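The values are calculated or read from the model by the stated rules, or taken from the named source; none is laboratory data. The shown structure was predicted, so the numbers you read here are calculated from the model rather than taken from an experiment. Neighbour counts are summed over all protein chains in view; Cβ atoms, including those assigned to glycine, are modelled from backbone coordinates with ideal geometry.
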Amino acid sequence: NGDTCTTPTEPWLVFTAGAQGAGKSHTIRVLKEKGRFPLIAFTFVDPEAIRERLPEFMMYVDQFATLAEQMTRKEVGYIGEIIALSALQRGMNVLIDGTLRDSDWHKQYIERLRKDFPSLKIAILHIVAPKEAVLEMAQKRAAETGWVVPTDIIEDTLEQVPRSVAALSPLVDYTCELNNAPEKDDIELLTEGETWASFTSHWLQTCAYVPGGRKYS
């Protein structure tokens, strides 16, 4: 009925997938602005925002610019898992931003989520962009922040992520590929048979609780 549901009967956990510089956060913002994805209904786990708040991170950027991400990866991952777990235990939707390149780890994580949260629905939004655009965005970000992701890591991620998405898709409820090409006026759906109407319909939910005690969808 147009209301926003943050505690649904069947919560979503949504993973973004894509290389650094593919424009995952930008894509989600566009989907929100166009009314295709209810970002406000999700607890957003943003590894970059977590990393930037670590007291040691800027020191790593200053002294080890190309290693800063690697040196904080485990700590950021643990904090992100805690945030996601806290939200899921309260019955909330969760959006986890990331590359999804490590399919083995995510397979175990998804299996654990299925066991601990039987009503949870899981989705993957695979964000792609031309290689040249990805590398350009990564260089721009490095110039602005001082945080450098080496080109070879980005290129490896561009190759690995599609394989990971293919391996993990059978384990989740919904997978969609989205093209964030710089020459396009809008985000483009690449998944065969998908329309914006069908994409948007996936996020319609029935709420477990709202003020006043009524349920709605």
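Keeping to region 176-193, report how many residues are over 19 Å from the mean Cα position of the chain (by Cα) and closer than 22 Å to Leu100 by Cα.
Number of matching residues: 1.
Filter region 1-22 down to the residues that are at pLDDT below 95, among the β-branched types (Val, Ile, Thr) and touching a helix residue (DSSP H, G or I) at 6+ places or on another chain (Cβ under 8 Å) and list them by number.
Thr4, Thr6
For (1) at pLDDT below 95; (2) within 30 Å of Asp104 (Cα to Cα); (3) surrounded by fewer than 18 Cβ atoms within 10 Å (Cβ to Cβ), each residue gets a yes or a no:
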residue: Trp147; (1), (2), (3): yes, yes, no
residue: Pro150; (1), (2), (3): yes, yes, yes
residue: Val161; (1), (2), (3): no, yes, no
residue: Ser164; (1), (2), (3): no, yes, no
residue: Leu168; (1), (2), (3): no, yes, no
residue: Glu194; (1), (2), (3): no, yes, yes
residue: Gly212; (1), (2), (3): yes, no, yes
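Against the definition (among the hydrophobic types (A, V, I, L, M, F, W, C), touching a Ser or Thr at 6+ places or on another chain (Cβ under 9 Å), closer than 28 Å to Pro8 by Cα and surrounded by 14 or more Cβ atoms within 10 Å (Cβ to Cβ)), how does Leu204 come out, yes or no? Break it down stepwise before answering.
On the way: among the hydrophobic types (A, V, I, L, M, F, W, C): yes; touching a Ser or Thr at 6+ places or on another chain (Cβ under 9 Å): yes; closer than 28 Å to Pro8 by Cα: yes; surrounded by 14 or more Cβ atoms within 10 Å (Cβ to Cβ): no.
So Leu204 fails the test.
Please find, among Tyr60, Tyr78, the residue that is modelled with pLDDT under 95, part of a helix (DSSP H, G or I) and among the hydroxyl-bearing types (Ser, Thr, Tyr). Show your work before the answer.
On the way: Tyr78 fails: modelled with pLDDT under 95.
On inspection, the qualifying residue turns out to be Tyr60.
Taking the stated definitions as given, is Pro38 within 23 Å of Ala197 (Cβ to Cβ) and either modelled with pLDDT under 95 or of a type outside the set (A, V, I, L, M, F, W, C) (or both)? It would help to see each step written out before you state the result.
Details: within 23 Å of Ala197 (Cβ to Cβ): yes; either modelled with pLDDT under 95 or of a type outside the set (A, V, I, L, M, F, W, C) (or both): yes.
For Pro38, the condition - within 23 Å of Ala197 (Cβ to Cβ) and either modelled with pLDDT under 95 or of a type outside the set (A, V, I, L, M, F, W, C) (or both) - is met.
If you check every pair at least six apart or on different chains, which have Cβ atoms under 9 Å apart with a residue in region 115-139 that is in contact (Cβ under 8 Å) with a residue 60 or more places away in the chain first and a residue that is among the basic types (Lys, Arg) second?
Taking only residues 6 or more apart or on different chains, the pairs are Leu120/Arg114; Ile122/Arg114; Leu125/Lys24; Ile127/Lys24.
Starting from region 60-71, keep only residues that are closer than 14 Å to Ile153 by Cβ, then list their pairs with residues that are of a type in the set (Val, Ile, Thr) and assigned to a helix (DSSP H, G or I) whose Cβ atoms are within a distance under 6 Å, requiring at least 6 positions of separation or different chains.
As it stands, the answer is Ala68/Val61, since those pairs meet every condition given.
For region 89-114, name all the residues that are crowded, with 18+ Cβ neighbours inside 10 Å and either farther than 24 Å from Ser164 by Cα or touching a Cys at 6+ places or on another chain (Cβ under 7 Å) (or both).
Hits for region 89-114 are Gly91, Met92.
Spot the failing condition for Gln139; the list is (1) out of contact with any helix residue (DSSP H, G or I) (no Cβ under 7 Å at 6 or more places or on another chain); (2) surrounded by 15 or more Cβ atoms within 10 Å (Cβ to Cβ); (3) closer than 26 Å to Pro38 by Cβ, and only one is missed.
It fails just one condition, (3).
Within the bounds of region 115-124, is there any residue that is surrounded by fewer than 19 Cβ atoms within 10 Å (Cβ to Cβ), at pLDDT 95 or above and assigned to a helix (DSSP H, G or I)?
yes
Could you identify the single residue in Val30, Val61 that is out of contact with any Asp or Glu (no Cβ under 7 Å at 6 or more places or on another chain) and under 18 Å from Trp147 (Cβ atoms)?
Working: Val30 fails: under 18 Å from Trp147 (Cβ atoms).
Just a single option satisfies the conditions, and that option is Val61.
I'd like to know if region 42-49 contains one or more residues that are part of a loop (DSSP other than H, G, I, E, B) and in contact with a strand residue (DSSP E or B) (Cβ under 7 Å, 6 or more places away or on another chain).
Taking region 42-49 and keeping what is part of a loop (DSSP other than H, G, I, E, B), we get 46.
Filter once more, keeping what is in contact with a strand residue (DSSP E or B) (Cβ under 7 Å, 6 or more places away or on another chain): none.
The answer is no, given that none of the residues of region 42-49 is part of a loop (DSSP other than H, G, I, E, B) and in contact with a strand residue (DSSP E or B) (Cβ under 7 Å, 6 or more places away or on another chain).
What number of residues in region 125-136 are farther than 17 Å from Val161 by Cβ and crowded, with 22+ Cβ neighbours inside 10 Å?
Going through region 125-136 one residue at a time, the tally reaches 0.
Evaluate region 23-34: report whether one residue or more is at pLDDT below 95 and not in a helix (DSSP H, G or I).
Yes.
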